[in-house]
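Take a look at the structure set out below.
Coordinate-derived values only; no laboratory data. These numbers come from a predicted model, not from an experiment. Quick reminder, even Gly has a Cβ in these numbers, built from the backbone with ideal geometry, and neighbours come from all protein chains shown.
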Amino acid sequence: MIERITELREAAEAQIAAAADAQELEELRVRHLGRRAPLPQLLRGVADLAPAERAAVGAAANQARQALQAQLQAREAQLQAQQLGTLLETDSVDVTLPGAPPQPVGRLHLLTAMRRELEDIFVGLGFTVLEGPEVETVHYNFDALNHSPTHPARAASDTFYVERAPNTDGARTREARSAAASQRAALPTSGEYPSDVVLRTHTSPMQVRAMEAHPPPLYVVIPGRTYRPDNDATHTPQFQQIEGLAVDEDITLGDLKGTLLAFARAVFGDAREVRLRPHFFPFTEPSVEVDVSCFQCGGSGHLRDGSRCPLCKGEGWLEILGAGEVDPNVYGYVPTTEANAPGYDPERVQGFAWGMGVERIAMLKHGVPDLRLFYDNDLRFLEQFG
Amino acid sequence: MRVPIDWLREYCDPSLGVSEVRERLTMSGTKVEAVHHHGVDAVERFVVGRVLEVAQHEKADRLKVCKVDLGGPGDVQPATIVCGAPNVAAGQSVAVARPGAVMPDGTQLQSAKLRGVVSEGMILSASELGLGEDGAGILVLDDLTLDAEFAPGAPLADLLPIATEVLELEITPNRPDCLGVYGVARELHAATGAPLSGAPWEQDPGSPGAVAGAQVTVDCPELCRRFTARVFGDVSIGPSPPWLAARLIAAGQRPINNVVDITNYVMLLTAQPMHAFDLDRVSGGRLVVRRARDGEQVRTLDGNTRTLDSQMVLIEDADGPTSIAGLMGGERSEVAPDTRRVLLEAATWDGPNIHRSSARLGLRSEASGRFEKGLQPEQCTHAQAVAAGLMLELCGARLLEGTIDEAWSPRPAQTLRLREARVRAILGVPVARSRQREILRALDFQCTDAEDGLDATVPALRRDDVTREIDLIEEVARIHGLEHIPATLPARRGAAGRLSREQRLRRAAEDALVGRGLYEIAGWSFCGPELLDRLRLPADDELRAVVRVANPLSEAQSLMRPTLLGSLLDAARHNVFHNGPRIALFESGTVFRQGDSPDGLADERHQLGAVLAGAIAPPSWRADGAEADFFAAKALLEALLGRLGVGFETQRSTRPFLHPGRSASVRGAHGADFGFVGELHPLVAQAWELPRAAAFSVDLGAVIEAAPDTVTFRPYPSVPSLRQDIAVILPDAVAAQQAIAAVRAAAGDVLESVTVFDVYEGEQVGEGRRSLALALSFRAAHETLSDEDIAPVRERIVAALEDLGGELRA
C-alpha cells in the first residue's frame, strides 16, 4: 500500500513540475487531488484497513497529499512570475528620453542667494537682520556718520539727491526744516546740495537708526540696496551692501577680526585667513580694510604651475570690505530716549561696524567677471546660480 | 601718488627690498597699489664711455663713426658706435647703452649694421634715458655738475638716476601730509624703525619781513588761510639738471624749465604746491587775493575763458585777474625764457572750497588735488625753504630779503591724553607704554608721561586728523601692527540672532515661486518717465506720484520705480529676444512712492511680482502646450498665498496696463489691498514686443500682515465625507465666486468644501450662459452621512442657485 502511495506521489510530482501553464496545473490538481483521484480515494479507504497498517498508510497518504498541494501552489506562483516577467519584458521605455512633463528648476537671483547666505552666517554669529529706507535723509546718510559738512562724498557727483515731494513742504515741515537749517547755519556750503534727501549711498545710515531704536548691547546686520552715480565696468549706479554693527561695553578691534574671520571661512573656506589693513572712513576709528587670503592660490600669490594667480593678481589677498571701531562721534548723534535707554555714551560703550558689497563677494566666490551681468537678468545667467 | 623709491630712500632707507617696503607701508596704512619699474632695464648694460675718435660715416652725411672707450682690461679694443647727434666730439664722456640694454620704452638694443658699419651700442641723449627733454643731441656728462669722475666702463646708474622702482600709493583723505615724499618717508620710518633724515626744509636761506618791490593783500582770509611769497632776482631760466628732471619724470610730471620744475619738485617733496610769477609781468608789483564776482570771467593758461562765482577765489594784479587760486595760473604772468625776477607763492587755501571750485570748473591738477585735502599753513614755510635753496643752486638766482606772509597767525598745538587702559580696551590687546611712546615720537608727536598713560602733543601737520584720544589709539594700532591683534569673538551678551517674521515669510514667498520653476531677477530701482506712459497711466494715476532723482545719470534713470512691472517686462523682453518665448520671472523688491513725512522719506513697499509668457510648461516631447494666461498667473498667486496661509479674493477690476476683461484686484479677508493679477493689455505687451503675457504683483507687507502667526492643529474627523457633484447653468454675469458663496450660505457648516471642477460654454447651454460643475463635500463631526441625510441641504443649495438665475443641468 505504501509503495502504491509513493508511486502516485512521484508520478504526480513529475507532472506538476512539467506543467506549462495555469490551465494544465488546474487539470493536474483535479487529476491528483480531486474527489475521484486515487490518492484521496486511498485516504478515504484507510478506515477499512487492518489496524496495524492503518496508521502508517494514513500518515503516508496525508503527507503525499499535502506535499502535492504545496507543490501545486509553488508551481502556480512560479508560472505567474514567469508570465509577469514575459509581460514586463515587452513593456519597456527609452529611459534616456527626458522626464515629462518637464519641471523647470527655478532659481533665486545670485544676489538674493548670496545675501541670504551672508545673513544666515551672521544670524549664526548672533546678529539680528534689520532693514531700512533706501530713500534716506542727509542726516542719517552723512551728518550722523561724522561726515564733515563739506565732505566730498556729499557732492552731487557722488550722491543721488531726491527731489522733495511738494506735499512735504507744508507749514509744519517748514518749521522742522528751518530748525534743522539753523542747526546747520555754520555750514559754509549749505544750499550747495540739491536737497536734504538722498538715495542712501551705503547701508550705514541704519547704524544710527538702529541705535536710536534699541538699547545696547546691539548686534545687527543690515542688507539692502544702495546707490551712487557711477556707471562703468566696476560700478553700477545701484548695488547691494550688508552693514554690520555690534555695540556693547567691550567690543574690541580683535572681536571685529574674529567675527570677520568666521564670516570669511564660512563663505570662502575653512583654510582662509583675514588681515586688517589700516584705512580711513569718517565714521570708524580706527578704520581698517579687510582682506581675505586668496582662495584660488591659497594666499601664495601664484598657482601650482608657478604662474601669477589671476584672482588676487599675485597679492595673495583679496580686499573684501571696509570696517572699524565705531567712531565715538557717531554715538554723539544718538539721542537717548525711552526706546534705547540707557543710550550710547562713548565712554561706556564701544563697538565695531563694517560694510561689505554683496556683488563683490558674489563675484569673487562665483567668478562672475562683470558687475553688469547681475542686472542684465539674462536667463543664461539666472539659471546658473541660486 | 607716485613716489620713486630712490627718492624715498634719500630720507629713510630701511635696507629692505621693494616688496618689504611695500608690505610695511601697506600694513601701516599707506597702501601701495602697484610698483612700477621706471627707466631703463638691464641696467649693467649702461656705462660711461669716453669718445676717442669721431669720423664721418662714408655712406651717410648725418652719421658719425665713433671709437668709444668703454673700459675693461687694457687689451680690449674701443667699441665702434655709429652716432647721429651733431654734438658728439672726441674727448667727451658720454652715456652708452651696450647691446642687451633695455630702453625705458621696453625695446632691447641689438648690435646693428648702419649703412655697412656695425654699431656696438648707442650713445644716448637725455630723453632716451628718461632724464629730461633733449637739448642739442647726446648727453655730455662733462657738462653736468656731477660730483664724480667719469671712468670709462663705470656703471651709468652710479652717476644718474636711470632706473628706479616707483611706488604708486593710495593716500587716504585724512593724510594730506603724506602727499609729499618726506611725509611718506616719515611713515616708513615709523613703520620700520629705520632712521629718518632731517626735514629738507631745516636749512632755510631766507629771512622774514617785508619784501621790497612786492606786495600781497588777502581780502578773503576765510578762504586763504596763509599766503607767503619770496622774490628772486638774477634768475636764469634753463633746463633742469638730469637728477631733478629724472625725479619729476619718474613721479609722473613733465620737466618744463628750472623754475617751474623747482615748484613741482617742492610740491612732490613737501606736499605744498607753489606757483611762480614773473614779477616783472605782475602789474604794479602787487597781488590781491579776493573772491570772484558772480559771472566774472578769467582767461586761464590753457587759453580757455572760465566763468567764476563768488565762492571762488582769484589772484589779481593792477591789470586784473592773473590766476584762479589753487587751480590754474594766468598766461600773463607766466615764467618765460626771458624772466629775470621771480615771485614764488606758497599759499594755504580752504580745502572744501578748492574741491568745489575744481569740480565746478572741471579743473583738476596735482596741486588742486593736494589743496582740496586741506594742507596746513606751516607747509608754506617748508616749501619756501626748500625752493629757495634750489633757486640759488639751480637758477643762479639771488634771494631778496624778506618773506611776504599774509593772513596767518600761528595756532597752539593740542596735547591729548592717551590712557593705557583705553588702548587695550579698544584693541583687545595691550601695547606697552614704551612702545606707544616710541610709535608716537616716530610720527613726530611729543610725548610726556602721565599718570594713566601719555600726554601727546600733535604735530602741526596732523592737527586736523588727530584731535581725540581715539585718533592716537589708531596711530598706535596701525604702526604697532594690526597683525598683532588677536581674532576673538564678542561676548555677545543678549545677542540672539534671528530673522524677523517678515523676513522669514518673504523668503518663504520667494521660495514658493522658485519651487514652481520661476527665476528671480534683480531689476533696476530706477525707471524713466516713459515707463509710466508705456504702462498707459493717466495723469492722475496714483503710480504717477513718483520719487524723482534730482541729479539722475540719465532721463531713463530719473525716477524711483513705483512698480516692479517695468523691470519684469524689460527682463521678459530681453529673454524673449535672447532665449526664446517662454517667460516665468519674478522679482522681490522695493517700490517707491512719494511719502508725506516731514523728513522727506519716500513711501517704500516691498512687492513681489511675476510675469509669465509663452507656454506654461517648458517645451517637451509630450507637452500639452497650454499658454500662460490669466488663470496661469492666478494659479501661481494661489500657490504663493496658500504657502503663506493667506486667504484672498479676486474681483473683476482693471488697471490701465491690464487687459480690461482679464484682470482682477487681489484682496485679503478684510478687504486689504494686496495687488493685482491679470493679462497685460495688448498695447502694453506690444510696447515690450511681447506676445500675450500675464502678471501679478502683491504688496508683501500687506500679505504678511494677514498671514497667521502660528498655525494651530485643526483636527480632522475620522468619519468619511460624502461627495456630490452638481452642475448648474448660470448667466455669464454671475461670477463663480458668487455661486460658491451662495452655495456655502445655503448649505451651512455641513458643507466642508465646494470647488469648481468644470466650466462649459457652448451651444448646449446657450448664448450668454455657462455651466459650472461644482464638487460638494459634506461632512458631519461624528456620523457618516448618507444621500438622504443631505437631501434637504441639497434642496436649499439648488434653490439658492436658482435664485441667481441658475438652472440645474440634467
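Applying the Karplus parametrisation 6.51 cos²θ - 1.76 cosθ + 1.60 with θ = phi - 60° to the phi angles of the range B:523-537, what ³J(HN,Hα) value in whole Hz is obtained for each residue in order, glycine and proline being reported as x?
Values, residue by residue: x, 6, 6, 8, 8, x, x, 5, 4, 5, 6, 5, 7, 6, 6 Hz.
Let me know the mean shielding of A:117-125 by other chains, meaning the per-residue number of their Cβ atoms within 10 Å of its Cβ.
Partner Cβ neighbours, averaged per residue: 2.
If the cut-off is 18 Å between C-alpha atoms, which lysines fall inside it for A:Lys313, apart from same-chain ones fewer than 8 positions away?
Within the straight-line limit of under 18 Å, A:Lys313 reaches these lysines: A:Lys365, B:Lys31.
Once phi is turned into ³J(HN,Hα) by the Karplus curve 6.51 cos²θ - 1.76 cosθ + 1.60 with θ = phi - 60°, what whole-Hz value does each residue of the range B:126-133 show in order, with x for glycine and proline?
Computed from phi, the couplings for the range B:126-133 are 4, 5, 4, 9, x, 10, x, 7 Hz.
Considering Cα pairs under 8 angstrom that are at least six residues apart, work out the relative contact order of the range A:225-363 and quote it in whole percent.
Relative contact order of the range A:225-363: 28 percent.
If N is the number of residues in the range B:302-452, what value comes out of its Cα radius of gyration divided by 2.2 N^0.38 Å?
1.48
Give me a comma-separated list of calculated 3J(HN,Hα) values for the range A:371-386, in order, Karplus coefficients 6.51, -1.76, 1.60 applied at θ = phi - 60°, integers in Hz, x for any Gly or Pro.
Ordered by residue, 3J(HN,Hα) equals 4, 5, 4, 4, 9, 6, 6, 7, 4, 5, 8, 4, 6, 8, 10, x Hz.
Given a Förster distance of 22 Å, report the FRET efficiency between B:Asp789 and B:Gln737 from their Cβ-Cβ distance, rounded to the nearest 0.05.
The value I calculate is 0.20.
Please report Rg (one decimal) and Dmax (integer) in Å for the Cα set of the range B:563-627.
Cα only, the range B:563-627: 16.9, 60 Å (Rg, Dmax).
Within the range B:58-142, list the GluC sites (Glu not before Pro) lying in a DSSP loop whose Cβ has at most 15 other Cβ atoms in a 10 Å radius.
B:Glu58, B:Glu133
Sorted by mean Cβ packing within 10 Å, highest first, what order do the peptides B:707-720, B:156-169, A:235-248, A:199-212 take?
Output ranking for B:707-720, B:156-169, A:235-248, A:199-212: A:199-212, A:235-248, B:156-169, B:707-720.
What angle do you read, to the nearest 10 degrees and between 0 and 90, between the alpha-carbon axis of helix B:787-803 and the longest principal axis of chain B?
The helix B:787-803 is inclined about 70 degrees to chain B.
Given a Förster distance of 22 Å, report the FRET efficiency between B:Gln446 and B:Ser15 from their Cβ-Cβ distance, rounded to the nearest 0.05.
0.20
Relative contact order for chain B using alpha-carbon pairs under 8 Å, separation at least 6, rounded to a whole percent?
8
Whole percent per 10 Å bin, from 0 to the bin with the longest distance: what is P(r) over all C-alpha pairs of the range B:690-739?
13, 17, 28, 36, 5, 0
Sort B:Leu808, A:Leu321 so that the residue with the fewest other Cβ atoms within 10 Å of its own Cβ comes first and the one with the most comes last.
B:Leu808, A:Leu321
If one takes the longest principal axis of the Cα atoms in chain B, at what angle in degrees, from 0 to 90 and to the nearest 10, does the Cα axis of helix B:433-442 lie?
On a 0 to 90 degree scale, this one is about 60.
How shielded is A:102-115 by partner chains, expressed as the average number of their Cβ atoms within 10 Å of its Cβ atoms?
Counting other chains' Cβ atoms within 10 Å and averaging over A:102-115 gives 6.
Between B:Arg468 and B:Val76, how many nm apart are label points set 7 Å from Cα along the C-beta direction?
Inter-label distance under the simple model: 6.6 nm.
Whose amide H sits under 5 Å from the amide H of B:Leu16, counting only residues 5 or more places off or on another chain, with H placed in the peptide plane?
none
Hey, can you rank B:307-314, B:1-8 by average C-beta count inside 10 Å, highest first?
In descending order of packing, they fall as B:1-8, B:307-314.
Let me check I've understood the local charge: for B:Leu680, count other residues with C-beta under 10 angstrom from its C-beta, Lys and Arg +1, Asp and Glu -1. What total comes out?
Taking every other residue near B:Leu680 into account, the sum is +1.
Cα-based Rg (one decimal) and Dmax (whole number) for the protein assembly as shown, in Å?
Answer for the protein assembly as shown, Rg first and Dmax second: 44.2, 164 Å.
With runs of 4+ DSSP H residues as the only contributors, calculate the mean residue ellipticity of chain B at 222 nm using -39,500 (n - 2.57) per run, divided by the residue total and rounded to the nearest 500.
My calculation for chain B gives -8000 deg cm²/dmol from helical runs alone.
Can you sort B:Asp596, B:Asp570 by how many other beta carbons sit within 10 Å, fewest first?
Ordered by Cβ neighbours within 10 Å, fewest first: B:Asp596, B:Asp570.
If Lys and Arg each add +1 and Asp and Glu each add -1, what is the summed charge of the other residues whose beta carbon sits under 9 Å from the beta carbon of B:Gln607?
Net charge in that neighbourhood comes out at -1.
Got the relative contact order for the range B:146-245 handy, in percent, Cα pairs under 8 Å and 6 or more residues apart?
After rounding, I find 20 percent.
Across peptide A:228-235, what mean number of C-beta atoms from other chains lies inside 10 Å of a residue's C-beta?
Shielding by partners across A:228-235 averages 1.
Suppose only helical runs count, i.e. DSSP H with n ≥ 4. What mean residue ellipticity at 222 nm does that imply for chain A under -39500 (n - 2.57) per run, divided by all residues and rounded to the nearest 500 deg cm²/dmol?
-12500 deg cm²/dmol
Share of antiparallel DSSP beta bridges in chain B, in percent to the nearest 5?
The antiparallel proportion sits near 95 percent.
Taking the Cβ of each residue in A:Phe295, A:Phe142, A:Phe122 as the centre, tally the other Cβ atoms inside 10 Å and list the residues starting with the fewest.
Ranking A:Phe295, A:Phe142, A:Phe122 by Cβ neighbours within 10 Å, fewest first, gives A:Phe295, A:Phe122, A:Phe142.
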